[in-house]
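Student: Take this structure first; my questions come after.
The values are calculated or read from the model by the stated rules, or taken from the named source; none is laboratory data. None of the values given here were measured: they were computed from a predicted structure. In this analysis, Cβ positions are derived from the backbone assuming ideal geometry, glycine residues included, and neighbour counts consider all displayed protein chains. Just so you know, the surface numbers come from the protein's heavy atoms only, side chains and all, with ligands and any DNA or RNA stripped out. Shrake-Rupley method; radii C 1.70, N 1.55, O 1.52, S 1.80 Å.
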Amino acid sequence: MPGEQDYYSLLGVSRDATPDELRSAYRKAAMKYHPDKNVSEGDTELFVQINKAYEILADPEKRAAYDAQLAEMAVEQAQFRCRVIQSRRTILELDEPQVHYILIDIEPRADIAEVRPPINLSIIIDRSTSMRGPRLDQVRAAAISILRSLQPSDSASIVAFSDRAEIIVSPDQARDMSVARARLSLLTAGGGTEIGQGLKAGLAELERNLARQGVNHLVLLTDGRTYGDEEECLAMASQAARQGITINGVGIGSDWSDRFLDELASRTGGNVVFLDSPTAITGLLRKLFDDLTKVVASRIQLAGQFAQQVDLRSAFKLLPEPMPVDDEFPANLGHLPRDGKIRVLLETVVHPLGDVEELTIGRFEILGDVLGPQAEEIRLPLHVRIPVSQEPDPDPPPDDILSALGAVALYRMQEKARHEAELGQAGQAARRLENLATQLLASGERELAKAALNEAERLVHSRRISAEGEKMLKYGTRALLLPAKAGPGS
């Protein structure tokens, strides 16, 4: 087994260093610590270790064995675990493409320390004219509820935006409830919706207090569409992801762009919530903040690459909140809860295979930071393999796979119906929604089934799906991906 000293670190190179990089690093280290040039205590032993490191890493077979041992040690020592479930135990040796599904579960170790992480939070509030009245009143009350829950190690800010942004409550002001309440009472609605202004200001507040040992999170509440700055917003989301900031979107009513908010949030590993009534805002923000206090690891990513014969068709995060995942790696997966897991469903296409007994579907890494006073970066190797056979696997796919695929199928049905309606294929879209309603009824989802039938009828008469119906069906079927629902129609 490898010693306590990491040979790559000893030579000062990355684990994917080329032979030339290894050779160059070895020469520099050997010259620096050669006994003929150094008499400092410990230099001779270090020189011996450097030679041993290069001897191992310069030999392809020895390096492969050493890498495998490092991987085993990483799995044993990691503060979270990874489990892979595949749709089949073997894959057929076919001369045509075939679909293969992979579930990846990421869970904390049972004995991981229960530490409440510091929370660095920014709440970005749309204050445009359409937010006037109950919507802004509810948002104001929800913000005050969150500020009351802050601990000394936390940092929070509240930003309001229309066609410009304003810091309503700074992190310093958030620590004085009388000041924060007074400033929030002055929050009024007016103007248009330019989400980029709010994002820029909110992210700037978060960047001042970025903490690797804690959770860095932005919540965007809006009831409208932004125009002209979408690409700028998405670029800011990508930069936020690189800094370890996660973005959640909250859409109120029906006049906001769900596709835009979905892409914005998914780039950072966050999620989007649809609220048809502003009265639910306080409860939603309360739950979101409580969930942040229970995060044990943040900035979770799935990195790596698929084999040449394998293409990724889609990726969907099922837990802790259902959300499509960007199909470019590394994929950001957000926060890992103490009492839950991150579950990702990968849909792959396996192209014709050669004469092989086993296929390495991909070589991946799960990356993330375990939170707490001694923040620790984790790199958990994950190599997904499957035997190749000339006989089909006689067993059905595992229940977890079947359950996930059934729920994803309902979600995709409404997506296809929406796309068909946009293409002017109203009749086909209506029939698809009627089929969706039938399956929803069979699952006990009466309210969603009713919404699907209403939209099917609307398509027949107006050839369009309503904005409210689009969101109700999209986020309603997406919620079906969660296990253990409260009951029929919930």
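Student: Keeping to region 197-210, report how many residues are part of a loop (DSSP other than H, G, I, E, B) and crowded, with 17+ Cβ neighbours inside 10 Å. Even if it seems obvious, please write down each step before you answer.
Tutor: Pass one, region 197-210, residues part of a loop (DSSP other than H, G, I, E, B): 208-210.
Subsequent filtering for residues that are crowded, with 17+ Cβ neighbours inside 10 Å retains 209.
Of the residues in that region, 1 qualify.
Student: Which members of region 384-400 meet the condition of being under 15 Å from Ile104 (Cα atoms) and free of Cβ contacts under 8 Å to residues at least 40 places away in the same chain?
Tutor: Within region 384-400, Arg385, Asp399 meet the criteria.
Student: Cβ-Cβ distance below 7 Å, separation of 6 or more or different chains: which pairs start in region 1-24 with a residue that is at positive phi and end on one that is of a type in the set (A, V, I, L, M, F, W, C) and at pLDDT 85 or above?
Tutor: Qualifying pairs under 7 Å: Gly12/Ala25.
Student: OK, next. If we scan region 85-107, do we find a residue that is assigned to a helix (DSSP H, G or I) and at negative phi?
Tutor: Looking for residues that are assigned to a helix (DSSP H, G or I) and at negative phi, one finds none in region 85-107, hence no.
Student: While we're on this one: Among residues belonging to region 83-112 that are touching a Phe, Trp or Tyr at 6+ places or on another chain (Cβ under 7 Å) and within 19 Å of Arg338 (Cα to Cα), point out the one that is surrounded by the fewest Cβ atoms within 10 Å (Cβ to Cβ).
Tutor: Here the residue is Arg109.
Student: How many residues, within region 354-380, are farther than 26 Å from Ile245 by Cα and buried (at least 18 other Cβ atoms within 10 Å of the Cβ)?
Tutor: 3
Student: What helices (runs of 4 or more DSSP H) lie completely within region 216-325 and have 2 or more residues being open to solvent by less than 10 Å² (accessible area, probe 1.4 Å) and within 25 Å of Glu114 (Cα to Cα)?
Tutor: 281-292
Student: Checking Val310 against (1) modelled with pLDDT of 95 or more; (2) among the β-branched types (Val, Ile, Thr); (3) within 18 Å of Ala240 (Cβ to Cβ): exactly one of these is not met. Which one?
Tutor: Unmet condition: (3).
Student: Restricting attention to helices (runs of 4 or more DSSP H) lying wholly within region 401-490, give those where 3 or more residues are farther than 30 Å from Asp105 by Cα and free of Cβ contacts under 8 Å to residues at least 40 places away in the same chain.
Tutor: Counting at least 3 such residues, we get 426-442, 446-462.
Student: Could you please find all residues in region 217-228 being out of contact with any Ser or Thr (no Cβ under 9 Å at 6 or more places or on another chain) and modelled with pLDDT under 95?
Tutor: Matches in region 217-228: Gly228 only.
Student: Take the conditions acidic (Asp, Glu), part of a helix (DSSP H, G or I), open to solvent by 40 Å² or more (accessible area, probe 1.4 Å) and at pLDDT 80 or above and apply them to Asp20. Does it pass?
Tutor: It is true that Asp20 is acidic (Asp, Glu), part of a helix (DSSP H, G or I), open to solvent by 40 Å² or more (accessible area, probe 1.4 Å) and at pLDDT 80 or above.
Student: Can you name the residue in region 43-73 that is charged (D, E, K, R) and open to solvent by 50 Å² or more (accessible area, probe 1.4 Å) and is also modelled with the lowest pLDDT among such residues? Reasoning before the result, please.
Tutor: Step one: list which residues in region 43-73 are charged (D, E, K, R), which gives 43, 45, 52, 55, 59, 61-63, 67, 72.
Applying the additional criterion that residues be open to solvent by 50 Å² or more (accessible area, probe 1.4 Å) yields 45, 52, 55, 59, 61-62, 67, 72.
Details: Glu45: 77, Lys52: 88, Glu55: 89, Asp59: 88, Glu61: 85, Lys62: 87, Asp67: 78, Glu72: 65.
Filtering region 43-73 for residues that are charged (D, E, K, R) and open to solvent by 50 Å² or more (accessible area, probe 1.4 Å), the one modelled with the lowest pLDDT comes out as Glu72.
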